[in-house]
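Data first, discussion second: the structure below is written as structure tokens.
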Amino acid sequence: MSKIRNYVRFSLADREEISRGLQVGDSYQNIGLKLNKDKSSISREVSRDGMDRFTYRAHKAHWRAQKEKKQQGRKRKILLKPDLKDYVLEKLRLYWSPEQIAKELKEEYPDDMTMRISHEAIYAYIYVLPRGSLKKELLLYLRQQRIYRRRNCQNQSRKEPKMLRMADMISIEERPKEVRDRIIPGHWEGDLIIGRWKRSALGTLVERTSRTTILVPLKKHDALNVRKSFAKELETIPAQMKLSLTYDQGREMSQHGLFTKKTKIKVFFAHPGCPWERGTNENTNGLIRQFFPKGTDFSQISHQRIKQVQDLLNGRPRKVLSWRKPYQVFNQLVALES
């Protein structure tokens, strides 16, 4: 019996032999003996790219292998252009997404085609970095990555949260149509992000048209403190940009009447268990969780840090705003309404 040599690479003929062997039910060991290769090499080859002994195809596997070989010999553009690399790293450290970075490059360097990179290339650069401090750092700046897709819960039975009926509540069904269609700016959505052990919280307010976000530090998240803190944060907002607030039926907004009296902002309440009725706010809370993940004790987060995150959120371009920044759009709207 000839000695089995170490695995180097597979030719197309080798892969066709593997495919034939799998079709007749040969084991990896028997296929390896025919090709003078170790059974572990056969196993790795068959299981590449999510294939298995039932889905393995010689030509498909060979084409992918050749493509990978070419890519390995090609140096990434971001490594060939130090200025581009520095720009990408700078924006990543400001928690910009790769797609935001790619769009902003076109705005800042409209005539310099060397300062171009796709968001896919930025992701690829990050994920192919060797394990180390740089890769670990850059991964922290990306949005939350989910390994598995969420299940579709439409067909799953779930209990709606019990809500206390508050006095003089105005249903979202009575909210003017222009609020839903974002025709007129100045309409907000609000919520709380609850901290560790439900002992602390962070208030969030989002303007529906510009996506401008206000983060509200809270000493406590009872109705009194929420009302006073929200009203205080909104004091500096121009009157024409304070028209309504859409909120869920959480008991922290039970003093909505006093809130409206103080701010002149009408409060509409969404239906229980319908977070999509405040979709802008729900999406923004997801962005905020990148900075303050679940389990955060907000009582330990300084006012300065909270406002720093607020500026980061409002100072980066958004796809939904045609890659303009929330603060930029908000200021333009204020100028138009003045």
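The values are calculated or read from the model by the stated rules, or taken from the named source; none is laboratory data. Predicted model only: the values in this text are computed from it and were never measured. Please note: Cβ atoms are built from the backbone with ideal geometry, for glycine as well, and neighbour counts cover all protein chains shown.
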- Pairs with Cβ under 7 Å, 6+ apart, first in segment 175-196 and in a helix (DSSP H, G or I), second at pLDDT below 95: GLU178/ILE184; ARG196/GLY295
- A careful count of residues in segment 305-319 that are touching a Lys or Arg at 6+ places or on another chain (Cβ under 8 Å), under 19 Å from THR204 (Cα atoms) and not polar (S, T, N, Q) gives 3
- Any residue in segment 264-274 that is farther than 14 Å from LEU215 by Cα, assigned to a helix (DSSP H, G or I) and out of contact with any strand residue (DSSP E or B) (no Cβ under 8 Å at 6 or more places or on another chain)? no
- Neighbours by Cβ (under 6 Å, 6+ apart or cross-chain): first from segment 10-32, of a type in the set (Ser, Thr, Tyr); second in a helix (DSSP H, G or I): SER19/ALA58; TYR28/LYS39; TYR28/ILE42; TYR28/SER43
- All conditions in (1) touching a residue at least 12 places away in the same chain (Cβ under 8 Å); (2) assigned to a helix (DSSP H, G or I); (3) within 15 Å of the chain's Cα centre (by Cα) are true of GLN290 except (2)
- So which of THR280, THR284, THR296 is farther than 20 Å from GLY186 by Cα and in contact with a Lys or Arg (Cβ under 8 Å, 6 or more places away or on another chain)? THR296
- Task: Could you pull out the residue among GLN144, GLN100 that is under 21 Å from GLN310 (Cα atoms) and at pLDDT below 95?
- Result: GLN144
- Which members of segment 311-338 meet the condition of being in contact with a strand residue (DSSP E or B) (Cβ under 8 Å, 6 or more places away or on another chain) and surrounded by 19 or more Cβ atoms within 10 Å (Cβ to Cβ)? LEU313, ASN314, PRO317, ARG318, LYS325, PRO326, PHE330
- Residue within segment 84-97 that is among the small types (Gly, Ala, Ser) and surrounded by 13 or more Cβ atoms within 10 Å (Cβ to Cβ) present: yes
- Identify the single condition in (1) at pLDDT below 85; (2) loosely packed, with under 12 Cβ neighbours inside 10 Å; (3) of a type outside the set (Phe, Trp, Tyr); (4) not in a helix (DSSP H, G or I) that ILE4 does not satisfy, given that it satisfies every other one. (2)
- Looking at (1) of a type in the set (Val, Ile, Thr); (2) touching a Phe, Trp or Tyr at 6+ places or on another chain (Cβ under 6 Å); (3) surrounded by fewer than 21 Cβ atoms within 10 Å (Cβ to Cβ), which is the one condition that is false for ILE42? (3)
